[in-house]
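Have a look at the structure below before the remarks.
Readers should treat all values here as calculations from the given coordinates under stated rules, not as data from a laboratory. Owing to the predicted nature of the structure, the values given are computational and were not obtained by experimental measurement. Cβ placement follows ideal geometry from the backbone for every residue including glycine, while neighbour counts extend to all protein chains displayed.
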Amino acid sequence: MIQAYQYNHQNELVRPIEVFERDDEGNYVIPDQCTTIAPPNNPSFYKAAFDVEKQHWYESATQEYIDSLKPAPLPPNDLELLKKQNAWLTKQLTQLLAMQKGGNPE
């Protein structure tokens, strides 16, 4: 048994398959739209596709598709909000004290 990798009509990786069948000479019979060339593990691809002519895998995902998979940033938690409020209040207090002393508020 050997491992092969099936790809669709757009040459995108579908799934790994196990090949058991052999021909009369003992060679494994690789099905159509399959290759024994493993897609690279590192770096991993978002949408691996196989270039049949060059016999190698490449990234077929667009940057827009890759970006769409990234989770949205989390909203600030309570502690972060308090830190921002504290910084803003400290700045306001510093400016107020400077104005009372006749200095420049900035």
Item to check | Anchor LYS47: aspartates and glutamates whose Cα lies under 18 Å away (excluding residues fewer than 8 positions away in-chain) | outcome: GLU12, GLU59, GLU64, ASP67
Next on the checklist: List the GluC sites (Glu not before Pro) within segment 20-62 that DSSP assigns to loop and that have no more than 10 neighbouring Cβ atoms inside 10 Å.
Outcome noted: GLU21, GLU25, GLU53
Checklist outcome for this item: In Å, the Kirkwood estimate of hydrodynamic radius for segment 2-69 over Cα pairs equals 13.0
Checklist entry - How would you rank TYR7, TYR65, going from fewest to most other Cβ atoms within 10 Å of each one's own Cβ? => result TYR65, TYR7
Checklist outcome for this item: Ranked from fewest to most other Cβ atoms within 10 Å of their own Cβ, THR90, THR35 fall in the order THR90, THR35
Item to check | Given charges at Cβ of Lys, Arg, Asp, Glu: the chain dipole, positive-most of ASN77, VAL29, GLN100 | outcome: GLN100
Checklist entry - Angle between the Cα long axis of helix 78-100 and the longest principal axis of the chain, 0 to 90 degrees, nearest 10? => result 30
Next on the checklist: Which of GLN33, GLN63, GLN85 ends up with the largest GNM mean-square fluctuation for the chain, with Cα atoms connected below 10 Å?
Outcome noted: GLN85
Checklist entry - Once phi is turned into θ = phi - 60°, what whole-Hz ³J(HN,Hα) does the Karplus curve with 6.51, -1.76 and 1.60 give for every residue of segment 24-32, x standing for Gly and Pro? => result 5, 9, x, 7, 5, 9, 7, x, 4
Item to check | Residues with amide H under 5 Å from that of ILE17, placed H, sequence gap 5 or more | outcome: ALA4, TYR5, GLN6
Item to check | Per-residue [θ]222 nm for the chain (sum of -39500 (n - 2.57) over DSSP H runs n ≥ 4, rounded to 500) | outcome: -9500 deg cm²/dmol
